[in-house]
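Notes for the one structure printed next.
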Amino acid sequence: MNKIKAAQQAALEQGKSTKFNGSIPKNWKNTFRDGDEEADLEKNPEYKGHYFMTISNKTKPGVVDQQVNPVMDSTEVYSGCYARVSMNAFPFSASGNKGVSFGLNHVQKLADGEPFGSFSKAEDDFDSVEELEESLI
């Protein structure tokens, strides 16, 4: 928590000269949120007692296991598994919104957990196709 908040503060300071016209906005957008205050706990009880954020990257992150071996099966990492992430904080100013967000660099899966939703594998959802029916083309 302290590292995330320190990274946010550093990004806000950087943003003063690069994105925020010399000062930190009073109502800056924060992508790091408190589940007890900002989540619909009736609909999503898993947020109770937790912080959450949405982070992304335009490039695919590196994904490794506990021994730092690449994880090749994309279904191994899912919402609900335990993981560590490498991320970077950055200031933004877009469409009238100013604040700090985070970019996802890499993921290290630590353990399986309870999935937050129902997930399936593509190979379980489909049968093989020998010939395409004309009506499908």
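The values are calculated or read from the model by the stated rules, or taken from the named source; none is laboratory data. Every value quoted in this text rests on a predicted model; they were computed, and no experiment measured them. Glycine gets a Cβ as well: all are built from the backbone with ideal geometry, and neighbour counts include every protein chain shown.
Looking at this structure, is Ala39 surrounded by 14 or more Cβ atoms within 10 Å (Cβ to Cβ) and modelled with pLDDT of 95 or more? No; evaluated as a whole, the condition is false for this residue. Of everything in the range 13-48 that is assigned to a loop (DSSP other than H, G, I, E, B) and among the basic types (Lys, Arg), the residue that is nearest to Tyr82 (Cα to Cα) is Lys48.
Quick one: would you say Asp65 is under 26 Å from Lys121 (Cβ atoms) and of a type in the set (Asp, Glu)? Against the criterion (under 26 Å from Lys121 (Cβ atoms) and of a type in the set (Asp, Glu)), Asp65 qualifies.
Would the range 66-74 turn up any residue that is closer than 23 Å to Met1 by Cα, touching a residue at least 40 places away in the same chain (Cβ under 8 Å) and either in contact with a Gly (Cβ under 7 Å, 6 or more places away or on another chain) or among the hydrophobic types (A, V, I, L, M, F, W, C) (or both)? Taking every residue of the range 66-74 in turn, none turns out to be closer than 23 Å to Met1 by Cα, touching a residue at least 40 places away in the same chain (Cβ under 8 Å) and either in contact with a Gly (Cβ under 7 Å, 6 or more places away or on another chain) or among the hydrophobic types (A, V, I, L, M, F, W, C) (or both). Among the residues of the range 1-24, the ones that are of a type in the set (S, T, N, Q), surrounded by fewer than 17 Cβ atoms within 10 Å (Cβ to Cβ) and touching a residue at least 12 places away in the same chain (Cβ under 8 Å) come to 2 in all.
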